[in-house]
1. With an 8 Å cut-off on Cα pairs and a minimum separation of 6 or more residues, tell me the relative contact order of the range 1-112 in percent.
2. Positive end of the charge dipole of the chain (Lys, Arg +1 and Asp, Glu -1 on Cβ, about the Cα centre): tell me which of 5, 24, 43 has its Cα farthest that way.
3. Could you list 1, 204, 44 in order of exposure, starting from the residue whose Cβ has the fewest other Cβ atoms within 10 Å?
4. Among 61, 138, 160, whose Cα lies farthest out toward the positive end of the dipole of the chain, if unit charges sit on the beta carbon of Lys, Arg (+1) and Asp, Glu (-1)?
5. What are the DSSP H helices in the chain that stretch 27 Å or more along their long axis, judged by alpha-carbon atoms, and whose average Kyte-Doolittle hydropathy comes to at least -0.5?
6. Quick one: which residues, 5+ away or cross-chain, put their amide H under 5 Å from the amide H of residue 224? H built at 1.01 Å from N.
7. Taking the Cα centre of the chain as origin, sum charge times position over the Cβ atoms of Lys and Arg (+1) and Asp and Glu (-1), and report the length of that vector in debye to the nearest 20.
8. Work out, step by step, the length gained on full extension between residue 76 and residue 157: first 0.36 nm times the residue separation, then minus their alpha carbon distance; give nm to one decimal.
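Only the coordinates and a few stated rules stand behind these numbers; no lab work does. From a predicted model like this one, the values you see are computed outputs, not experimental measurements. Note that each Cβ is placed from the backbone with ideal geometry, even for glycine, and that neighbours are counted across all protein chains shown.
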Amino acid sequence: MTALTLHESLTAARERLARALADAGRPAGDARLLAVSKTKPAAMIRAAWQLGQRDFGENYVQEALDKQAELADLDDIVWHFIGPLQSNKTRAVAEHFAWVHSLDREKIAVRLNDQRPVALGPLNVCLQVNVSGEATKAGVDLEALGPLAEAVASLPNLRLRGLMAIPAPAEALAEQRQPFARLHEALQELRQRLPSAPLDTLSMGMTADLEAAVLEGATLVRLGTAIFGARSQR
Ligand SMILES: *Cc1c(COP(=O)(O)O)cnc(C)c1O
């Protein structure tokens, strides 16, 4: 992808998000764009940064660390870890990311909390919820969400910001909206349960279902293909 094409696709993605917010009757700027850069080279991330993008999402720890090393001069870049997280990778994530969206187990939360360097301030986390049941094995079930959220909220080096989901693919807008609505409802329940937690984030919506997610209250939409083009096989 050339710099010119990236400029066009990033502009189009920003316009798409702005239009979705307007159509949902929400204020401009009410949801933020997270650029999902997995499998894309560091040079492309730098080009997007030069166009004003600051939040980037990565799925694979080693790939992310390599790119972060190349981009170490971009001091206001914000790295989000959005992929599956195994115990043996928690230290690298705790030390090199500002956000984790894919937290779904207390054991991983405790490790991240223990390994987070205090000087970096608390690690922002979203709990990944399995809203569609069969779609993916990742994510905590809705019934287990409350207890997990309570455990995470008690960890001083983590800041519980909200919820994330990757629903099963669906074609129709009405069908796409249902799991996002469930996630929004789950967030509202958590706000009752944990009134002092800073629960301001709904991480939902990707290239195929951004509009549905924004209609249901997304505050952080994770766009890969729409910004960087199709991914090559890893
Ligand atoms: C890859 C990925 C995205 C981006 O998906 P697109 O369909 O390319 O926009 C968003 N969220 C997660 C968790 C991903 O793994």
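1. Computed over the range 1-112, the figure is 19 percent.
2. 43
3. On the way: 1 15, 204 32, 44 18.
Ordered from fewest to most neighbouring Cβ atoms within 10 Å, 1, 204, 44 come out as 1, 44, 204.
4. About the Cα centre, the residue reaching furthest to the positive side is 61.
5. On the way: long enough: 3-23 (30 Å, 0.02); 173-193 (30 Å, -1.14).
The answer, listed by residue number, is 3-23.
6. HN-HN under 5 Å from residue 224: 36, 207.
7. Details: 26 positive and 28 negative charges, 69 e Å.
Result for the chain is approximately 340 debye, rounded to the nearest 20.
8. Numbers: separation 81, 0.36 × 81 = 29.16 nm, distance 2.08 nm.
So the chain would gain 27.1 nm between residue 76 and residue 157.
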